[in-house]
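First up is the structure itself, then whatever we jot down about it.
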Amino acid sequence: EAGVTQFPSHSVIEKGQTVTLRCDPISGHDNLYWYRRVMGKEIKFLLHFVKESKQDESGMPNNRFLAERTGGTYSTLKVQPAELEDSGVYFCASSQVAGWGASSYEQYFGPGTRLTVT
Amino acid sequence: AQSVTQLGSHVSVSEGALVLLRCNYSSSVPPYLFWYVQYPNQGLQLLLKYTSAATLVKGINGFEAEFKKSETSFHLTKPSAHMSDAAEYFCAVKAAGNKLTFGGGTRVLVKP
């Protein structure tokens, strides 16, 4: 089966511009997560979708970030306007329906989108 | 709240030598613990996970980790390093909720 895919793999934009990152989860995975790794720091959670609903968006840094998951399939993460500190690698992950049972807790990660804001 | 500390951002080992990557966590509830690996230009791949069954967990590529509650540790080991083990390794904890909390990562360099 296809894994989690992310597009683009790299994006270089200027400060003040807008960028939209896309994530396609594994087919049938209701749970979709966004994480970010800023240079030299740890990977940090941004938000969690269950189908099309935001379950937890406690990690979103500010209102310049907007995540959507229309129809409960792919998700987009828009940064508008981008700032220098938004540079980093944005990871998407997906998992099966959350619940009791070990397999539901395994998150499968995509290759990430490297965002550079200049 | 939960947190993860990985001791050492870089580790250098000789081919054939023991690989030991340290991970300590804090969690207010019984945790699920994970080790992920990221090879160059690839995404995160799950190496192994602890989900309250056996405390010694075996993963892919010859790696294993032991959960020690008394030490709040989940160290990753491999008896004999291979050149292909050069990568960055991440320890993560999942307690309440579904989000993963990661350590800072340890980059492993394997010397021939």
Would you point out the residue of the stretch B:46-62, among those that are in contact (Cβ under 8 Å) with a residue 12 or more places away in the chain and within 9 Å of another protein chain (Cβ to nearest Cβ), that is surrounded by the most Cβ atoms within 10 Å (Cβ to Cβ)?
B:Lys49
Looking across the stretch A:27-41 at residues that are within 20 Å of A:Val89 (Cα to Cα) and surrounded by fewer than 20 Cβ atoms within 10 Å (Cβ to Cβ), the single one that is modelled with the lowest pLDDT is A:Gly40
Looking only at the stretch A:60-72, count every residue that is assigned to a loop (DSSP other than H, G, I, E, B) and either over 11 Å from the mean Cα position of the chain (by Cα) or surrounded by fewer than 16 Cβ atoms within 10 Å (Cβ to Cβ) (or both) and tell me the total.
4
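How about the stretch A:47-56: which of its residues are within 11 Å of the chain's Cα centre (by Cα) and of a type outside the set (Phe, Trp, Tyr)?
Selection gives A:Leu47, A:His48.
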Looking only at the stretch B:83-112, which residues are of a type outside the set (A, V, I, L, M, F, W, C) and exposed (fewer than 14 other Cβ atoms within 10 Å of the Cβ)?
B:Ser84, B:Lys111, B:Pro112
Report, ordered by the first and then the second residue, all pairs with beta carbons closer than 7 Å, sequence separation of six or more or different chains, a first member in the stretch B:86-112 that is within 12 Å of chain A (Cβ to nearest Cβ) and more than 16 Å from B:Gly43 (Cα to Cα), and a second member that is β-branched (Val, Ile, Thr) and not in a strand (DSSP E or B).
B:Ala95/B:Val29; B:Ala96/B:Val29
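The values are calculated or read from the model by the stated rules, or taken from the named source; none is laboratory data. It should be emphasised that the depicted structure is a prediction, and the values quoted were computed from it without experimental measurement. Cβ sites come from the backbone with ideal geometry, for glycine too, and all protein chains shown count toward neighbours.
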